[in-house]
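To start, the structure under review is shown below, and the notes come after it.
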Amino acid sequence: MKTLLSASLAGALFGAGLVISELSNPVKVLAFLDVTGEWDPSLLVLMGTAVLVTAIGYRLVTRRAQPLFEPRFYLPDATALTPQLILGAALFGIGWGIAGYCPGPAMTGLVFAVAEPWWFVGAMLIGFGWHRSVSSR
């Protein structure tokens, strides 16, 4: 129960941060990505701040022997640049540039009365299913 509660609280805090920072607004994101047009650099400050806070928090948390509600930390151990990683990153970037959404802001956008995040999340779920069926072969 503690794990579910802490995950829900972290998700709600993350979603609130996305809304307050306007990262859940695809128009704002696309204006940031449009460096040759009407570029809006305000998200650069947000991203820099987020990286700084994450770096500090990561160092503090991983000094602990274990997380609060789990027996151990689950950290990635893969470090190789594989074709799958490069292709996935490229698809992520292309999708982000076309739609102005990535998974977190799209999930946050589901609570607003607009259709775009629903289309994005639907396509994302289809992609997850396709990947699972292809990778299991």
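The values are calculated or read from the model by the stated rules, or taken from the named source; none is laboratory data. These figures come from a predicted structure and were not determined experimentally. Here the Cβ positions follow ideal geometry from the backbone for every residue, glycine too, while neighbour counts run over all protein chains shown.
Structure values in brief
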quantity	calculated
Close pairs (8 angstrom Cβ cut-off, 6 or more residues apart or separate chains): on the phi > 0 side of the Ramachandran plot in segment 97-112, β-branched (Val, Ile, Thr) and surrounded by fewer than 21 Cβ atoms within 10 Å (Cβ to Cβ) anywhere	Gly100/Val27
Selection count, segment 65-116, where residues are under 20 Å from Asp34 (Cα atoms) and acidic (Asp, Glu)	1
Elements of type helices (runs of 4 or more DSSP H) in segment 9-105, at least 3 residues being at pLDDT 90 or above and surrounded by 13 or more Cβ atoms within 10 Å (Cβ to Cβ)	none
